[in-house]
Amino acid sequence: MKNWIGLLVLILLGLLAWVIISDIDPFESNNGPLKDFAIDDTANVDQIFISEPTGKKLLLTRRGYPTWTVEGRYPARPDGIQLILKTLHDIKVQSSVSKNTFKRVVTRLATNSKKVEFYMNGEKQPEKTWYIGDGTFSRVGTYMLLEKDGKKSSEPFITHLLMERGTLASRFFADSIVWKDRVVLKCDPKKIAEVRFEHKYDTAISFELRKKGEAEYVVKNLNNGEIQAVDPELAIPYLKGFQAIYYEYLDRKSPKAHLDSIYNSVPRHDILLTMEDGETFEIKTFNMPVPPGSELNGKPIYYNPERMYVFSSFMKSRFRPIVQNLTFDPLTMDFKYFASSTTVEK
């Protein structure tokens, strides 16, 4: 008899531990509060729809696309997508909402919450819908309400992520421009057949770097037509620099006329990449004007020494991105950098 009692105690303790870990209430009926906010198989999530109280809406989707996109128009920020999916996987219920704050929380969720719908496996109905409200006073938890199969939970809960502080609402926003991946160019450097780099008005020598065969490259001086062999140890690392180029931010404040004047001016650099399959990408950089009277180390300057505007045909958009010069420094070479003193082609 004692053995049976001991076994029963172990079973009950095991059940209690399982309940605590899984955040499941064994006494909750099918019509009771919903609190299983998490989705374990986030790899199958293929659409996320975000609605803000202001009326702004945004669709993040990878249906029909190799990667996540912003409404199918351009690539979405990988870091933002990863953060959302991690939140979806790791979210936990911290506690129920106290009786003293219950009415206020419910009212705020009904009138001022962000609505986030998670879709999976091409389904037309969301797997789960979150209503994300304010953060708790401690700024550790977030008031949230769950909806499944078109039915809202009868109660909200306080959610959190273990070992993390801050409310969860800030991770979900409907600004399509902020969601845009900050990419100027992405390509496979192994498939670059030619790089034509023109320095428009500085003293560097414009060049054309061409791949002739496996680990065989030549460079052409665009000023006089001279062609020389290039050491693969110089050419290959240089081409790898085009694998992924990112801008720092988009200019969303300057007047259109001001930006048009910059982008219609003579570029600082004009780069044309030709891939092995014939596809081409063009990148142009433009000096970034500074306010009249600007100085650096006591000397007048007319352009920002650390940043440039950039145009990229890869982006296929109307946006005006700004890059750090450091981003382009590894790409801004000239003929002398590549030229070999041993082999000259006539």
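The values are calculated or read from the model by the stated rules, or taken from the named source; none is laboratory data. Source: prediction; values computed, not measured. Cβ: placed from backbone, ideal geometry, glycine included. Neighbour counts: every protein chain shown.
Quick look at the values:
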{"read-out": "Every residue from the stretch 191-225 that is of a type in the set (A, V, I, L, M) and assigned to a loop (DSSP other than H, G, I, E, B)", "value": "Ala204, Ile205, Ala215, Leu222"}
{"read-out": "Entirely in the stretch 226-281, the strands (runs of 3 or more DSSP E) that have 1 or more residues that are under 26 Å from the mean Cα position of the chain (by Cα)", "value": "244-246, 269-275"}
{"read-out": "Failed item in (1) over 21 Å from the mean Cα position of the chain (by Cα); (2) assigned to a strand (DSSP E or B), with Val310 passing the rest", "value": "(1)"}
{"read-out": "All strands (runs of 3 or more DSSP E) inside the stretch 105-186 with 3 or more residues being touching a Pro at 6+ places or on another chain (Cβ under 8 Å)", "value": "114-120, 142-148"}
{"read-out": "Some residue of the stretch 164-171 being surrounded by fewer than 15 Cβ atoms within 10 Å (Cβ to Cβ), of a type outside the set (S, T, N, Q) and under 14 Å from the mean Cα position of the chain (by Cα)", "value": "no"}
{"read-out": "Whichever residue in the stretch 88-117 is in contact with a helix residue (DSSP H, G or I) (Cβ under 6 Å, 6 or more places away or on another chain) and under 30 Å from Lys186 (Cβ atoms) and, among such residues, is surrounded by the fewest Cβ atoms within 10 Å (Cβ to Cβ)", "value": "His89"}
{"read-out": "Failed criterion for Ala43 (all others in (1) outside any loop (DSSP other than H, G, I, E, B); (2) at pLDDT below 95 hold)", "value": "(2)"}
{"read-out": "Asn121 vs. criteria on the phi > 0 side of the Ramachandran plot and in the same structural domain as Leu34 (by TED's automatic domain parsing)", "value": "yes"}
{"read-out": "Residue selected from the stretch 179-216 under the condition free of Cβ contacts under 8 Å to residues at least 60 places away in the same chain and touching a Lys or Arg at 6+ places or on another chain (Cβ under 8 Å), by the criterion nearest to Tyr131 (Cα to Cα)", "value": "Pro189"}
{"read-out": "Qualifying residues in the stretch 181-236 (those that are of a type in the set (S, T, N, Q) and surrounded by 14 or more Cβ atoms within 10 Å (Cβ to Cβ)) - the one nearest to Asp329 (Cα to Cα)", "value": "Ser206"}
{"read-out": "Selection from the stretch 60-72 of residues that are free of Cβ contacts under 8 Å to residues at least 40 places away in the same chain and surrounded by fewer than 19 Cβ atoms within 10 Å (Cβ to Cβ)", "value": "Thr61, Arg62, Gly64, Tyr65, Pro66, Thr67, Gly72"}
{"read-out": "Candidates Met120, Met144 - the one that is touching a strand residue (DSSP E or B) at 6+ places or on another chain (Cβ under 6 Å), surrounded by fewer than 21 Cβ atoms within 10 Å (Cβ to Cβ) and either touching a residue at least 24 places away in the same chain (Cβ under 8 Å) or closer than 14 Å to Ile50 by Cα (or both)", "value": "Met120"}
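Residues are listed down the side, and each one gets a yes or a no for (1) surrounded by 15 or more Cβ atoms within 10 Å (Cβ to Cβ); (2) modelled with pLDDT under 95; (3) more than 25 Å from Val70 (Cα to Cα):
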position	(1), (2), (3)
Asp277	no, no, yes
Val290	yes, yes, yes
Arg320	yes, yes, no
Phe338	yes, yes, yes
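Yes/no matrix, rows are residues, columns are (1) touching an Asp or Glu at 6+ places or on another chain (Cβ under 9 Å); (2) within 24 Å of Asp181 (Cβ to Cβ):
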site	(1), (2)
Asn223	no, no
Glu226	yes, no
Pro232	yes, no
Ser254	no, yes
Ile271	yes, yes
